[in-house]
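Q: Following this message is one structure expressed as structure tokens.
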Amino acid sequence: MNLIFRKNFKNAVERVLHVPHNYTGGILEMTFVLDYALSKECAVSMTKEIAAVLRSHSQVFQNVRLNLLHWKENEVLVNQVVPISMLQLGRGLENYESLPGNKSLDTLTDTLKRFHARSKLVICLLGTGSAAGAVVLDEERTKKNLQPFLGRKSIFLCVQEDGECVSPEIVMGAEILSKI
């Protein structure tokens with residue numbers, strides 16, 4: 001990740017945490033979604049770097065409850081609670097196996113709304129190339145899932161792989177449907 005991306009990512013995280021009535025202190029609960037469409041090398045390096053950026057950014061991220069959501073297939077989302085330091089070391093992804101294929105944001109947002117509503121920060125690392133590559137089967141359902149809170153708490157990092165891992169595009173949750 002380059003310096004400009006790191007700065008923009010930190011600013012996006014700060015915008016999410018400072019949404020009125022979102023994070024008021026204490027132990028932060030967050031969700032990190034990992035799309036299995038990414039190659040293993042890219043997924044491991046990106047998660048390490050994102051965890052390192054967060055931990056170096058603020059004391060808030062030194063002790064955090066991190067839900068790592070493995071998005072393997074459209075209907076297969078597996079939750080794992082891991083310490084952010086383990087993610088920074090690259091652990092928690094030992095059994096990672098790249099599973100290419102289009103997945104629907106409808107399913108992802110539905111799962112996030114139903115099971116991860118307590119999270120104050122949701123970071124989605126998507127292997128779609130850009131937000132325009134994401135699949136939305138039911139736009140109304142996705143809008144409904146993003147309202148009232150999920151759209152303001154989420155950051156979508158869309159990674160395009162061209163032989164090597166590049167800096168992802170940052171799309172805020174409230175803007176995701178306008179990018180599609």
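What follows draws every value from the coordinates through simple rules; no lab data is involved. These figures come from a predicted structure and were not determined experimentally. Note that each Cβ is placed from the backbone with ideal geometry, even for glycine, and that neighbours are counted across all protein chains shown.
Q: Whole-Hz ³J(HN,Hα) for each residue in the range 59-71, computed from phi via Karplus 6.51 cos²θ - 1.76 cosθ + 1.60 with θ = phi - 60°, x for glycine and proline: what do you get?
A: 5, 4, 8, 6, 10, 9, 8, 10, 9, 8, 9, 7, 9
Q: While we're on this one: Applying a 10 Å radius around every beta-carbon, put 54-60, 65-71 in order of their mean neighbour count, most first.
A: Numbers: 54-60: 15.3, 65-71: 20.0.
The packing order, highest mean first, is 65-71, 54-60.
Q: Another question, if that's okay. Going through the cross-link list LYS120/LYS144; LYS48/LYS144; LYS10/LYS72; LYS40/LYS143, which pairs have a Cα-Cα distance over 29 Å in this structure?
A: Details: LYS120/LYS144 18 Å; LYS48/LYS144 32 Å; LYS10/LYS72 27 Å; LYS40/LYS143 31 Å.
LYS48/LYS144; LYS40/LYS143, as the Cα separations exceed 29 Å there.
Q: If you don't mind, another one. Taking θ = phi - 60°, what integer Hz values does the Karplus form 6.51 cos²θ - 1.76 cosθ + 1.60 yield along the range 92-103, in sequence order, with x for Gly and Pro?
A: Values, residue by residue: x, 10, 4, 9, 5, 9, 4, 10, x, x, 7, 10 Hz.
Q: Sticking with this structure for a sec: Taking H placed 1.01 Å from N in the peptide plane, check which residues at least 5 places from LEU68 or on another chain put their amide H under 5 Å from its amide H.
A: Placed amide hydrogens put PHE32, GLN80, VAL81, VAL82 under 5 Å from LEU68.
Q: Straight distance only, please: which aspartates and glutamates reach the Cα of LYS153 with their own Cα at less than 18 Å, same-chain residues fewer than 8 apart left out?
A: GLU14, GLU29, ASP106, ASP110, GLU169, GLU175
Q: With P(r) over Cα pairs in 10 Å bins from 0, in percent as the read-out, I listed (1) 8, 28, 26, 16, 11, 6, 2, 1, 0; (2) 10, 42, 40, 9, 0; (3) 9, 38, 40, 13, 0; which label goes with the value calculated from this structure?
A: Here the calculated entry is (2).
Q: For the chain, modelled as a GNM with alpha-carbon contacts under 10 angstrom, which of LEU77, LEU126, LEU38 fluctuates the most?
A: Among LEU77, LEU126, LEU38, the largest GNM mean-square fluctuation belongs to LEU77.
Q: Here is a further query. Mean-square fluctuation check for the chain, GNM, Cα pairs under 10 Å: which of LYS143, LYS120, LYS103 is largest?
A: LYS143
Q: In sequence order, what are the phi-derived ³J(HN,Hα) couplings for the range 139-153 according to the Karplus relation 6.51 cos²θ - 1.76 cosθ + 1.60 with θ = phi - 60°, rounded to whole Hz, with x for glycine and proline?
A: These are the phi-based 3J(HN,Hα) values: 4, 5, 5, 5, 4, 5, 5, 6, 9, x, 10, 4, x, 8, 9 Hz.
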